[in-house]
1. If I ask for residues that are farther than 17 Å from V189 by Cα and crowded, with 18+ Cβ neighbours inside 10 Å, which ones from segment 107-118 would you list?
2. Considering only segment 262-312, state which residues are at positive phi and out of contact with any helix residue (DSSP H, G or I) (no Cβ under 7 Å at 6 or more places or on another chain).
3. Quick one: count up the residues across segment 157-185 that are part of a helix (DSSP H, G or I) and more than 11 Å from V79 (Cβ to Cβ).
4. When segment 317-329 is examined, which residues are found to be at pLDDT 90 or above and not β-branched (V, I, T)?
5. Which one of S378, S345, S318, S349 is surrounded by fewer than 16 Cβ atoms within 10 Å (Cβ to Cβ), of a type in the set (S, T, Y) and within 24 Å of P280 (Cβ to Cβ)?
6. Does segment 365-380 include one or more residues that are aromatic (F, W, Y) and either within 28 Å of the chain's Cα centre (by Cα) or more than 28 Å from I224 (Cβ to Cβ) (or both)?
7. Output the residues belonging to segment 283-313 that are within 14 Å of A240 (Cα to Cα) and either in a strand (DSSP E or B) or of a type in the set (V, I, T) (or both).
8. Check A128, A124 and return the single one that is in a helix (DSSP H, G or I), assigned by TED's automatic domain parsing to the domain that holds T90 and over 21 Å from L102 (Cβ atoms).
Amino acid sequence: MNKLGKVAAAVKIGAVMLSTEKTDADTLGLYKDTAMLALSYAESAAWGLAASGLFIFDYTISSMFEQGMAMKMDKIDAVYVYFNDQFSGTLDGGNGWNARSLKDWRQVLIDIAEANPNEADAKAAIEAEIDRYARVFWTLGDMEKAAVVTDIENKSSKGSVTIPDPTQAEIETLVGAYKAQLYERLYPVTQSVSVYMQRKAEAAYLAALNEVKAFFNQTITFNIVEDVPDGEKSQYDGYALRFAPLSENAVKESWSGTMKGAGGASTKFTLLGYVQAGCPKELQLFKPGDDPDNDEPELTMGFKLSAPVTEVTIGGLSIDEIIGTYSQVLTNDKGDTDEDSGIFSKNESGQLVQDETVYNYDPATGTATFILEQKSGSATITLVFNSKNDTISYSGTMVVVGKYGTSTIYMEGTKID
């Protein structure tokens, strides 16, 4: 999830927090969204991998080894077992072999689990590796098997040892018996690996939480600027302003201020504070002397939050200045993006049009709005146009309310022609 997607997800969570009509399903969804948002900050996916490894060894692999231990353990050829569990040296032809210790097997299991976060893949990979290991001896030539026999005779007092020469059916029986024995030997190792995975998951989760903490504690500078033409006076000097809508727990004074001429207003807040305030999405301006708690705003402007600086410009652009071709970026609640181009034009009635959408445009604020109301739901588009460094751009939202809830698409565009 990119940074824009994280903000979008935070806004979605705030929207549910703000709702006074949220259902039990909304509340459960809020918990889920908050948890997933938190975990999304582990950019390396370390938490997800560690958690999957923990689950794999707590459930899947433990179950698999318990089943393996229940296999029939027939008498196993001593040379075969010695090769698998103890032999380390050079075989005839220069090939070397080192029997795996329990410590070696522990690392093998860890490596497989970390390379296969899907439980079915991990189970299959471990089974395949145990089966492969159990069959290596039977791929050796007679001279290589003889080297193993010699090593046994040199290190034990059992006297003469015979090179095994079983049929294929007998080999399958021996392999099955050895695997059952290996499953029993390795069962305590799986418990050790489970503890390792748990510690790793805990460390990754704490790291993810620290990333969340840093993200939500970042400071956002919010600037409100009035575009005042040269030689003219500010239209909104002395106007009171307030972010809206605010949650019931928000301290309204902290989200209010006063416009100061062309200098506008500026404030700072953390993203956590923004979410706790209900993720306000509008700025409301009130005439000097009006009461923001009781009077209607003179002007309402939508905005899109961005970090580390969000700037909202009031007024200044005519329809003739903004019509043209724009490169556009659309981002949904999940942070998925789509890039294309769009053309804004003016119809015969002098209205702002994009495709078949006719906007209500206020040149005093640079705000274009479109509202569609139907029985099945509604759609509201709010775009704010501004000019900076001779480049015209817009930002805004499309909020769709339907049978299955509310979704928001964040829209940004830059004029290219």
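The values are calculated or read from the model by the stated rules, or taken from the named source; none is laboratory data. None of the values given here were measured: they were computed from a predicted structure. Here the Cβ positions follow ideal geometry from the backbone for every residue, glycine too, while neighbour counts run over all protein chains shown.
1. Step one: filter segment 107-118 for residues farther than 17 Å from V189 by Cα, giving 115-118.
Listed by number, the list holds a single entry, N116.
2. Residues of segment 262-312 that are at positive phi, as a first pass: 264, 278-279, 289.
Listed by number, the residues that qualify are G264, G289.
3. Taking segment 157-185 first, the residues part of a helix (DSSP H, G or I) are 168-185.
Narrowing the set further to residues that are more than 11 Å from V79 (Cβ to Cβ) leaves 168-173, 175-185.
Residues in segment 157-185 being part of a helix (DSSP H, G or I) and more than 11 Å from V79 (Cβ to Cβ): 17 in total.
4. Passing the criteria: G324, Y326, S327, Q328.
5. Numbers: S345 fails: within 24 Å of P280 (Cβ to Cβ); S318 fails: within 24 Å of P280 (Cβ to Cβ); S349 fails: within 24 Å of P280 (Cβ to Cβ).
Unique residue meeting the criteria: S378.
6. First, the residues of segment 365-380 that are aromatic (F, W, Y): 370.
Still in the list and also either within 28 Å of the chain's Cα centre (by Cα) or more than 28 Å from I224 (Cβ to Cβ) (or both): none.
No: segment 365-380 contains no residue that is aromatic (F, W, Y) and either within 28 Å of the chain's Cα centre (by Cα) or more than 28 Å from I224 (Cβ to Cβ) (or both).
7. Going through segment 283-313, the residues within 14 Å of A240 (Cα to Cα) turn out to be 283-301.
Within segment 283-313, L283, Q284, L285, F286, L299, T300, M301 meet the criteria.
8. Working: A128 fails: over 21 Å from L102 (Cβ atoms).
That would be A124, the only listed residue that is in a helix (DSSP H, G or I), assigned by TED's automatic domain parsing to the domain that holds T90 and over 21 Å from L102 (Cβ atoms).
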